[in-house]
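What follows is a short report on a single structure.
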Amino acid sequence: MYGTLGTFYCLARSGDVLLERDEGVLRPAGSGDRQFAYVQAARRFPRLGYLMPVRPQSAWTCDRCGGSGAVAINRAGSSVCCPDCNTRGWTVEL
Ligand SMILES: [Zn+2]
């Protein structure tokens, strides 16, 4: 469903997320990786929009990415997923 440098995210029909990292073994994703995969799936495939985490009323727009979920890394327009909000575009008090 989605791949980054060295990590591939697989979404099972059950909703479970599996990761394959450099070692080539599928493993169940932890909560942070699962949420990251859900956000990516919802943004890339409109039919999976229901996977987008619901923004709590207490959340605020991420200062680092301004709510886009991505951070520019050069003037050519390349960007990376925002690490501060896990690409959601918002953060909450922990
Ligand atoms: Zn952010």
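Residue-by-condition table, conditions (1) β-branched (Val, Ile, Thr); (2) not assigned by TED's automatic domain parsing to the domain that holds Phe8:
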position	(1), (2)
Gly30	no, no
Asp33	no, no
Phe36	no, no
Val39	yes, no
Ala42	no, no
Thr61	yes, yes
Arg64	no, yes
Gly69	no, yes
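Only one of the numbered conditions (1) under 21 Å from Ser79 (Cα atoms); (2) assigned to a helix (DSSP H, G or I) is not met by Phe8, and that is (2).
In the list Ala29, Ala41, which residue meets the criterion of being in contact (Cβ under 8 Å) with a residue 40 or more places away in the chain, touching a helix residue (DSSP H, G or I) at 6+ places or on another chain (Cβ under 9 Å) and not polar (S, T, N, Q)? Before you say what the answer is, go through the steps one by one.
Values: Ala29 fails: in contact (Cβ under 8 Å) with a residue 40 or more places away in the chain.
None of the others qualify; the one that does is Ala41.
Residue-level analysis places Asp63 outside the set of residues that are under 12 Å from the mean Cα position of the chain (by Cα), under 15 Å from Arg88 (Cβ atoms), at pLDDT 90 or above and not hydrophobic (A, V, I, L, M, F, W, C).
Selection over the range 66-94 of residues that are within 16 Å of the ligand (Cβ to nearest atom), aliphatic (A, V, I, L, M) and at pLDDT below 90 gives a count of 4. Going residue by residue through the range 34-56, is there one that turns out to be within 13 Å of the ligand (Cβ to nearest atom), over 11 Å from the mean Cα position of the chain (by Cα) and surrounded by 11 or more Cβ atoms within 10 Å (Cβ to Cβ)? Scanning the range 34-56 turns up at least one residue that is within 13 Å of the ligand (Cβ to nearest atom), over 11 Å from the mean Cα position of the chain (by Cα) and surrounded by 11 or more Cβ atoms within 10 Å (Cβ to Cβ).
The values are calculated or read from the model by the stated rules, or taken from the named source; none is laboratory data. Everything numeric here is computed off the predicted structure, so don't read it as measured data. With ideal geometry, Cβ positions are generated from the backbone for all residues, glycine too; neighbour counts draw on all protein chains shown.
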